[in-house]
Each structure stands twice: as C-alpha cells, then as structure tokens.
Amino acid sequence: MRILLVALNASYVHTNLAIRYLREALKQQGNPEWEVHCREFTINERLDSIAAAIFEEQPDILGFSCYIWNINSVSALIRRLRPVLPKTFFLAGGPEVWFESEELLLKNPEWDGVIVGEAEYTLPKFVQALATGSSLKQINGLIWRNRQKDDSSLPDAIYNNQGCALLPDLNALPLPYVAEENFEGKLVYVETSRGCPFNCEFCISSTFQGIRYLEPEKVRLVLRRLFASGAKTIKFVDRTFNASKKHAFTVLNIFREEAERIAIQEKLNLEELGLRAHCEMAGDLLDEEWLNYLKNYPRGMIQLEIGVQSTHEPTLRAVKRAQKFSAWREKVRFLQHSCGIAVHLDLIAGLPLESWQEFRQSFDEVFALRPNHLQVGFLKVLKGSGIRRRSEEFGLIYCPDPPYTVLQTEKLSHREILELTRLEDMVEKYYNSGKFSFSLEYILSEQQSAFDFFHSLASYWRKKGWFGQAWSPGGLLANLWEFLQESTKGHINPLWREALRFDYYLWHRPGYVPPFLESKVGYQAKAAKKAEDLKLYKHQIKNDPVWTTIIPAAGELDHRQWSRATAVEYFEADVAALDPALGSNHQSALTGCWYLFYYDRTGTKYFRYQQ
C-alpha cells in the first residue's frame, strides 16, 4: 500500500505540520509494509507540474491537507488526476473540509472521502480497512463515497459515519519531525498544545472545547531535532500560547536552554546564532509576571503576535471576545519599545457592528503603539464558525468561494471595504516593509490620524493608477514624495526630506541619490567649509581609525572592501536622535551631522560621526 500525503503551502518558506504528524502516526500504528511519503508544494507552482509529480508517485491513497488558501488548487488537482489515477483513493482532511463535508463530496464527484477532525488515530484505521477490504462504516469521522455498485448509472452512495475523529493523546503520538530534512530558510511550525480558551465567533477553534498540552520535554526533543536540521525561526502554532503560564514558561525556558547549548558548541553569542520563537498570545493574559519574564528573555529570541481584532467593545462582545485594549496596550508598548521584542498586532476589518469611523478609531489606537508589524486583515466567514451561522443577523455579505472574505456588512459598504483593502496595501508597502520607519515617524507626527494619512495616500495611488504595478523601494519612495508634494502644495517640511534620505541610505549603499532628496540650500556649505572639500572630507571620515574600535569587522576588511561596505553622508538634522514629536517648531534644536552607514549580511548599521 503506497500512501502519499500532500500539502500545498502558501509559500516556499512554510512547512506543513499536519502531514508530518500523519506520516509518523501511520508508521507507528500501521503495517510496516506500507510506503508512506510526504510531498510539499506551494499554491504558486503550476498545477500541471504538481499533478505530474504526484502522478509519478503512483499512490494507492492520496491525501490532501486542505485550508482556505489551497482548497481551490486541491480541487483542481484532483480533477486532473482522477482520470489518470482511476484506482487511487482521493482523501481530504484539514479544517476547510471538516464542515459541510457531504456537500463537498456531492459537488466534487472525483473525491472519494473526507476525514473530519484530527486524523492521527482515524487515518491508520482507514488505511488498514482499505488495505484488507474491510468495511469503512465503523471508522468515526469518515465521510466517504461508495463506488462499488451493480448499476453504474446509479449515483454513488455517500456514507457519513457521524461524529469527529477520536481526539488523539498528544503525548502518545510520535514526534512529527523525524525524517531527515533541511529546514534552512524555512518557517517551521511546532505545536505544544491543541485547543483554545476562547470562543471567538470568527474562528473555528470555538467549535472544540478544552486544551490538550504536549509534555515540555517532548517539545525539547522536537526543537533539538529542528535546530540540528538548520531551522532558525520556530512558529508555535498554539492558538493561545500563554493560555497556561506554567506550560508557556517551561517551553520558552527549554527554547532558551537549547539555544544556549548550541551557542556554546558553535562558540557564538545568542544574537549571532539567530534562533527565534514566534508565539501567538492573548494581550489580556499578559500580567506583570509575564512582563518581567519577557523583559529578561534573550534579546531578539522571541517575537509576539497578538490579535487585537478591534478596540470597539460592542463589536468584541458580538464576536464573544470581550477584552479591554486600554487595559493592556501599555504592556505591548513596554515589550516593543523598552524590551526590544518585535510585536505583531492584528486587526480584522468587516467585523459586526464596526463602522468606518469605528474601524478608523481601532486602527489609530493600535497604530499609536507602533508595533513591529500591523496586519490589517479582512473577516473570513469560515465554515463552521459562529459568525457564519449568524451572518444574516449581522448583515454580512461574503464571497461564497474560499477564503469567504467579507464583501459588505450592515455598517460597511462594499465600496468602503474596497477602500480599506487599498489602505491595507499602503500599510504593507510603507509601514510593514520597514523601509520608511524614520520617514513615517516624522510625517505622522504632524498628522491627526494615521488612518487618514494612509487612506489619503491610497486615494492618491488610485487616482494615479499605481495599484496593480510592481514597485521597487525607489519607486515607492518617488510615489510618496509626489504625494507629499501635492498634499503640502510643495511646502514639504525639510525634516521629512532628511528622514526620507536617512531611510534611503539604510536600504543599501546608494550609487545614486534622487535629486528631490538633496538639500536645496546650503548643503555643501554646512557639510564642509568649501564645496570642493566635500569629497575629501567624506573620505577622511570613512577612513578614520576610530571605526575599528566601533565596528569590529572594520579591521578585517581591506581598503576596497571597507569602501564597498560603507557610505558617509551629511544630514541637516540628526533624524535618528531627534524626537519627531518636536516637529518643525523646534528648528533651533536641529544641528547638522555626519553619519557612517555600515552594510553587512545582518543589515545596515549606522553611527553618528563625533567630530
């Protein structure tokens, strides 16, 4: 019996945890003669190529891991493969097929079956039954098509064995990462628990009760295996990582211990080692003990993702996720800006009872924290979710096809949602990219609302027809400058230009600086006593011996390497040190200065030159 488990990931860097758990479960519980293989592809690959690779495997059972982002591709693949693999059993699992499963089989006659729920116990029983010709009717959680009939003109019978698959004991399951793999450059998923303490109406986790935990020492074995295979970033996919403080502290302690062990072996410091844990936490569960713990965690080793979703309390009550953002937002600010922990905050547009103005307020309140990343997502009206059942009550109109994105609500028109999608694009390009961090700080310090700024920028982009085109960072910069020119009627604050120029130098060592970024008046006179001395002065700064004491690698580079790795530039204001809230009313506080930019593989570092 040849079994092939297939995942279509959202991108190349992602890994699929489910098919690895199932592969090891089949090996543990099944027949040693079974051949079990996993294949991962991405939704960006050509379906013809994926279908060809699957066909060459000639599986007896072909299982797909199904989610909202890949279900259309999975359906298309099965339609292509069914005629050329007529004896193969096509099986689907995953959250996208756990609900309305019979309807799925009716709409997709090429499919043979669906497993509803966690499949680590159910799949081996199913394979055993199929291999021995036993009845499939006793396998809980299996919905299947019976193609064995005397009259081929009659429709296939679809059997629903009722209920979900039996929930497995996580600590009885084999570890998922056993096979030899190379995880360099990958985002690797690890779960230390299943279940969630909350019952959010927009999430299907609310359909399952309770939380089951993996023993922490088993997590250690998983991490040790992954680190040995080149993994650097571990994404814990626990729905709420901090649901149990004791469990979470233990897991994070193990992560740190394993990182320290490797650092000693490789004679590196922890920052050079570059291991990082990504954890999704609930903001309202962050107490003082958590703040003290995270404050003392190795810098750069952890990043947090926190779902704010909305700050509008009637909306939060409607989706059964009542929380007070005001009660924990300063904790996030502390973690992000005092502890240096990257915090990723999420908002959902299109939730019930939230109008344009109320979403604007949610956005501005969250943006004020300046998170490392602000994700503006759009409500997905998922199968099985409470919000889908109550969609008519909330006036939700959503796309009937995956990923079931909201199109209109009782409070938001379709036109307004389209405007929000364009705003989200601006946030991604200009804020989340991190390429305009200094610029945005100075520009937004003079705006009443960050939401209004990004909305105006998006409206300008739409007017210019720039959406739908590919833009380099330099193109984004030029577009932003043009927008600022028009919105200020040509009276751009000189500080904005200096901040934009500083950001520009942070991207790479520029061989060319756009003319609009050059200072209009007195640049050369301020930078050097004579214009002809400017080039010589830059050379002197770049080759000052002081850099060997500030930048250890400087002493290891020859003259040509150092020249290529650095840039020197004069700025009319020290934008990296000034408080942008001072704005243009404090011109007397501005003094020109020189900066050296050092470019290496870990990113750009910058140093003010002390004359």
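At 0.36 nm per residue, minus the direct Cα-Cα distance, what do E100 and S456 gain on full extension? Give it in nm, one decimal, please.
Working it through step by step, the gained length comes to 124.0 nm.
What pairs from K246/K605; K232/K535; K186/K605; K295/K380; K267/K295 go past 32 Å between their alpha carbons? Mind showing how you got there, number by number?
On the way: K246/K605 38 Å; K232/K535 42 Å; K186/K605 25 Å; K295/K380 35 Å; K267/K295 25 Å.
The answer is K246/K605; K232/K535; K295/K380.
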Extension gain (nm, one decimal) between D156 and N199, 0.36 nm per residue minus Cα-Cα: 11.7 nm
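Looking at the range 317-407, I'd like the Rg to Rh ratio, where Rg is from alpha-carbon atoms and Rh is Kirkwood's inverse mean 1/r. Can you show the working numbers first?
Details: Rg = 15.1 Å, Rh = 14.7 Å.
When Rh is taken as the Kirkwood radius, the ratio is 1.03.
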Förster radius 51 Å - calculated FRET efficiency between Q540 and E56, Cβ distance, rounded to 0.05: 0.20
Where only alpha carbons of the range 191-248 are counted, the Rg and the Dmax (Å): 13.2, 40
Phi to ³J(HN,Hα) by Karplus 6.51 cos²θ - 1.76 cosθ + 1.60 over the range 44-57, Hz, x for Gly, Pro: 8, 7, 5, 4, 4, 5, 5, 4, 5, 5, 5, 4, 4, 6
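With r defined as the distance between the Cβ atoms of L557 and R608 and R0 fixed at 22 Å, what FRET efficiency is calculated, to the nearest 0.05? If you can, show how the numbers build up before the last one.
Values: r = 21 Å, r/R0 = 0.95.
Once the sixth-power term is evaluated, E becomes 0.60.
Suppose R0 equals 45 Å. What FRET efficiency, 1/(1 + (r/R0)^6) with r the Cβ-Cβ distance, do L268 and W471 give to the nearest 0.05?
Details: r = 37 Å, r/R0 = 0.83.
The calculated FRET efficiency here is 0.75.
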Label-to-label distance, nm, for residues given as S338 and L221 (7 Å Cα→Cβ offset): 4.1
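At 0.36 nm per residue, minus the direct Cα-Cα distance, what do N253 and S433 gain on full extension? Give it in nm, one decimal, please.
Numbers: separation 180, 0.36 × 180 = 64.80 nm, distance 3.09 nm.
Value of the extension gain: 61.7 nm.
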Probe 1.4 Å, protein heavy atoms only - accessible area per residue of the chain in square angstrom: 47
Amide H contacts of L407 (H built 1.01 Å from N, under 5 Å, at least 5 apart or other chain): I397, Y398, C399
Pair S355, N182: separation of 7 Å Cα→Cβ label points (nm): 5.7
Acute angle (nearest 10 degrees) that the helix 216-228 long axis makes with the longest principal axis of the chain, alpha-carbon atoms: 70
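Using only Cα atoms, what Kirkwood radius does the range 385-461 have, in angstroms? Walk me through the numbers before you get to the answer.
Working: mean 1/r = 0.0694 Å⁻¹.
Kirkwood hydrodynamic radius for the range 385-461: 14.4 Å.
Do the sum for the chain: with -39,500 (n - 2.57) for every DSSP H run of n ≥ 4, divided by all residues, what is the mean residue ellipticity at 222 nm, to the nearest 500 deg cm²/dmol? Walk me through the intermediate numbers first.
Working: 23 runs with 225 residues, N = 611.
Only helices count here, giving -10500 deg cm²/dmol.
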Principal axes of the chain: Cα extent on each, largest first, Å: 97, 59, 50
The range 394-491 - percent relative contact order, Cα under 8 Å, separation 6 or more: 18
Residues whose placed amide H lies under 5 Å from that of R239, excluding near-sequence neighbours: G195
Lys pairs under 27 Å by Cα in the range 384-511, provided they are eight or more residues apart or on distinct chains: 9
Lysines whose Cα lies under 21 Å from that of K383, excluding same-chain neighbours fewer than 8 positions away: K107, K320
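The values are calculated or read from the model by the stated rules, or taken from the named source; none is laboratory data. This is a predicted model, so every value here is computed, not measured. All Cβ positions, even for glycine, are placed from backbone atoms using ideal geometry, and neighbour counts span all protein chains on display. When the accessible area is computed, the model is the full protein with side chains, heavy atoms only, and any ligands, DNA or RNA have been set aside. Shrake-Rupley method; radii C 1.70, N 1.55, O 1.52, S 1.80 Å.
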